[in-house]
Amino acid sequence: MTEGGPLDNMLAQMEQAREYVDIDDGIFERLKSPERTLTVSLPVRMDDGSVEVFEGYRCQFDSARGPFKGGIRFHPTVSKEEVAALAGWMTWKTALVDLPFGGAKGGIVCQPKELSEREIEQLTRRYTEGIRRMIGPEIDIPAPDMNTDERTMAWIMDTYSMYQGYAVPEVVTGKPPEIGGTAGRVEATGRGVAVVTEETFEYLGTDLDGADVAIQGFGNVGSVTARLLDERGANVVAVSDVTGALYDPDGLDVQAVSAHVADNGGRLEGYDAEEYVTNDDLLTLDVDALIPAAIEDVVTVDVAERLQADVVVEAANGPTTFDAAAVLRERGVPVVPDILANAGGVIVSYLEWVQNSQQYSWELEEVNRDLEDRLTSAFDEMLAAYERKGIPDLRTAAYTIALERTAEAHEYRGLFP
Ligand code: GLU
């Protein structure tokens, strides 16, 4: 039992699912630790002329099913353990939605809000140089994550391409469309969360039209989720960011909130809302669905005991601790796991990578249809496993599928040498 951090949570989730799948002991041992993690030291010339040294990581967790795949985040809480947990979750996510990828994650310990654009570019390029020997279109393909975006991916693509001597768009996904990005990638994670939320409501027999939803986090994922759920008739009653939460029991004007954020340096602060509440209040609101879309470990045991939502849909990676999940299970609150709910991003990353390898591009409708098909199939498979095997919760059901697929790949490939 643990509330010991993302890596402990991820390992505990694996152990729990293991009881319901038949996996060889040797293979399970292999699945518990990453194949490799590189730590890089990143000196950057700051705007005032001084030199600051940052630390970055790239963790490659498992590649039995294909090239490593996963985002890069810039955040003060990044650590070697955190990227390992996130790389593990990428491995289970790509396996669950059946993409021919393994899992990886990278990050730089920094506070991007305190850096200038030039400093962020230098940091990104230096990091790319640091990890360039371990990435590549057939090896490991980075993508955006917290505080990284199309701009960051363009710098990574450019730096990698400079060393190669020719343009290599397929080394990263989430690029601007002008240099090989796909239609629909920026919105993909939020769109996936909306699709999975709709499926969940259908499964629970609740009407999404008029349902109250609270969303923690208003970054790329939270804001797109809010907009799409609003469009599908839900009442988005609360949203939040680091500056606090806005609450309106009658439903927020999501368009007006988004416009305010766009004009206000990406912050919710200063929006003229009905009520302001804390992030903790938001997590325990009496709503039909709670969607944590920010960081790990926000639904703790304490929050889980007070939580009033009818269902939790995990848009962030690892928002519910292992012990909190046990409390929610006991209280009969279903949790739709991150490895399904937020898989829309990596699905569309896969579609971008495929388009790049074919030097071809698809229309937005085609991308969105593919995204929706893959997510609904994975949702149905998760439910079938949950109902067939007498498994305690949805996450464990999802893990049994992911672990089984990854273990089978290891079984066929055997043990080198
Ligand atoms: N960072 C996203 C995630 O956590 C997307 C990863 C990708 O597209 O490779 O799933």
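The values are calculated or read from the model by the stated rules, or taken from the named source; none is laboratory data. Computed from a predicted model, the values in this text were never measured in an experiment. Don't worry about glycine lacking a Cβ; one is built from the backbone with ideal geometry, like all the others, and counts go over all protein chains shown. These accessible areas exclude ligands, DNA and RNA; they are computed on the full protein's heavy atoms, side chains included. Shrake-Rupley method; radii C 1.70, N 1.55, O 1.52, S 1.80 Å.
Just a few scattered comments:
- Accessible area (Å², 1.4 Å probe, nearest 10) - PHE54: 20 Å²
- If you take the alpha carbon atoms of region 244-305 and fit the smallest convex hull around them, that volume is 97 Å³ per residue.
- Debye intensity ratio I(q)/I(0), log10, region 159-281, q values 0.13, 0.16 Å⁻¹ (C-alpha model): -0.61, -0.80
- Tail beyond 42 Å, pair distance distribution of the chain (Cα, percent): 8 percent
- Rolling a 1.4 Å probe over the protein chains gives ARG36 an accessible area of about 110 Å².
- Grouping the Cα pair distances of region 259-417 into 10 Å bins from zero gives a pair-distance distribution of 9, 27, 31, 23, 9, 1, 0 percent in increasing distance order.
- An ellipsoid equivalent to region 1-113, defined through the eigenvalues of its Cα gyration tensor, has semi-axes of 31, 15, 11 Å when rounded to whole angstrom and sorted largest first.
- Per residue, the convex hull volume that the Cα atoms of region 275-369 enclose (Å³): 130 Å³
- Region 23-146 - percent of accessible surface contributed by carbon and sulfur, probe 1.4 Å: 47 percent
- Fluctuation leader among VAL221, VAL261, VAL193 - the chain, Gaussian network, Cα springs under 10 angstrom: VAL261
- Cα centroid separation - region 383-401 against region 177-195, whole Å: 28 Å
- Amide H contacts of PHE61: GLU35, GLY103, ALA104, LYS105, each under 5 Å away and 5 or more positions distant or on a separate chain (H built 1.01 Å from N in the peptide plane; Pro and chain starts excluded).
- Reported to the nearest whole Å, the Cα centre-to-centre distance from region 279-345 to region 228-254 is 17.
- Two-decimal log10 I(q)/I(0) for region 336-382, as the Debye equation yields it once each C-alpha is a single scatterer, q = 0.23, 0.27 Å⁻¹: -0.81, -0.99
- Antiparallel bridges, percent of DSSP beta bridges restricted to the chain (to nearest 5): 50 percent
- Charge dipole (region 157-225, unit charges on Cβ, about Cα centre) - positive-most of TYR166, VAL196, LEU208: TYR166
- The fraction of accessible area contributed by carbon and sulfur in region 265-332 is 42 percent, rounded to a whole number (1.4 Å probe; ligands and nucleic acids excluded).
- For the chain, with +1 on Lys and Arg beta carbons and -1 on Asp and Glu, the positive-most of ALA402, GLY270, ASN220 along the dipole: ALA402
- For region 344-414, the alpha-carbon radius of gyration amounts to 1.39 times the rule-of-thumb value 2.2 N^0.38 Å expected for a compact globular protein.
- Under a Gaussian network description of the chain, with springs only between Cα atoms under 10 Å, the residue in TRP155, TRP89, TRP353 that fluctuates furthest is TRP155.
- Taking VAL97, VAL83, VAL301 in turn, the Gaussian network model of the chain (Cα-Cα springs below 10 Å) assigns the largest fluctuation to VAL301.
- With only Cα atoms counted, region 119-198 has Rg and Dmax values of 13.5, 46 Å.
- Take the chain with all the other protein chains still there, run a 1.4 Å probe, and you get 40 Å² of accessible area per residue.
- Note on exposure: HIS260, HIS410 ranked by accessible area (1.4 Å probe, complete protein assembly) read HIS260, HIS410, with the most exposed listed first.
- Rg/Rg_ref, region 241-280, where Rg_ref = 2.2 N^0.38 Å and atoms are Cα: 1.07
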